[in-house]
């Protein structure tokens, strides 16, 4: 289960800095360039999707925004609890630092197992009362749902391992539904700690991820007649091998 403490709403760092969870190097000009994970939301083409971008690229994108776009992102950042300063449409230092700080917080949330991108992160933060002076933040519940491709890959692998054949279409449908039912019963729940009206940490518990789904399927498939027969045959073969074959 993803469990971790993620500092929130700290004093915003100066541009060009980031928390230790972000990786970075030095470019030829001697200026540090940090890399952030910007999305971990799975897609049909890539069930283990991870997208990254550099701080340099984020700043370029920020500077290329229109004044209206900067006001729009500034309002979203403000609703999520970031200190953006006055919103005039200009690329101010306060707005830039809030923008980068949000990406750094997103990076840390992904590292503890959350499936998020920038938009879903800001929506979540605004929805859980992230703004300063709004009182303690309520726990945030995040549902999980394995996609069809990941489910089929997992089910095929376990069925083949236990029975020696690929899963049928009916089995894929049946086991996928069973995994999703377990995921619905066990959502990820993030709770927050606060001090002086500010969020200082978080803890995520629950969830039904890949490891839980694998163990769940092993338990289910291993109880079937084919799996039991396969285990008996393996045991018989092992005994025969041990004594050098039948005579």
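The values are calculated or read from the model by the stated rules, or taken from the named source; none is laboratory data. Here the structure is a predicted model, which means the values were calculated and not measured. Please note: Cβ atoms are built from the backbone with ideal geometry, for glycine as well, and neighbour counts cover all protein chains shown.
Across the range 42-65, what is the number of residues that are surrounded by 14 or more Cβ atoms within 10 Å (Cβ to Cβ), in contact (Cβ under 8 Å) with a residue 40 or more places away in the chain and in a loop (DSSP other than H, G, I, E, B)?
Within the range 42-65, residues that are surrounded by 14 or more Cβ atoms within 10 Å (Cβ to Cβ), in contact (Cβ under 8 Å) with a residue 40 or more places away in the chain and in a loop (DSSP other than H, G, I, E, B) number 2.
Examine the range 143-152 for a residue that is over 20 Å from the mean Cα position of the chain (by Cα), outside the structural domain of residue 82 (by TED's automatic domain parsing) and at pLDDT 90 or above, and state whether such a residue exists.
Yes; the residues of the range 143-152 include at least one that is over 20 Å from the mean Cα position of the chain (by Cα), outside the structural domain of residue 82 (by TED's automatic domain parsing) and at pLDDT 90 or above.
Please find, among 167, 181, the residue that is part of a helix (DSSP H, G or I) and at pLDDT 90 or above.
181
Select from the range 66-80 the residues that are out of contact with any helix residue (DSSP H, G or I) (no Cβ under 7 Å at 6 or more places or on another chain) and assigned to a loop (DSSP other than H, G, I, E, B) and list them in ascending order.
Matches in the range 66-80: 66 only.
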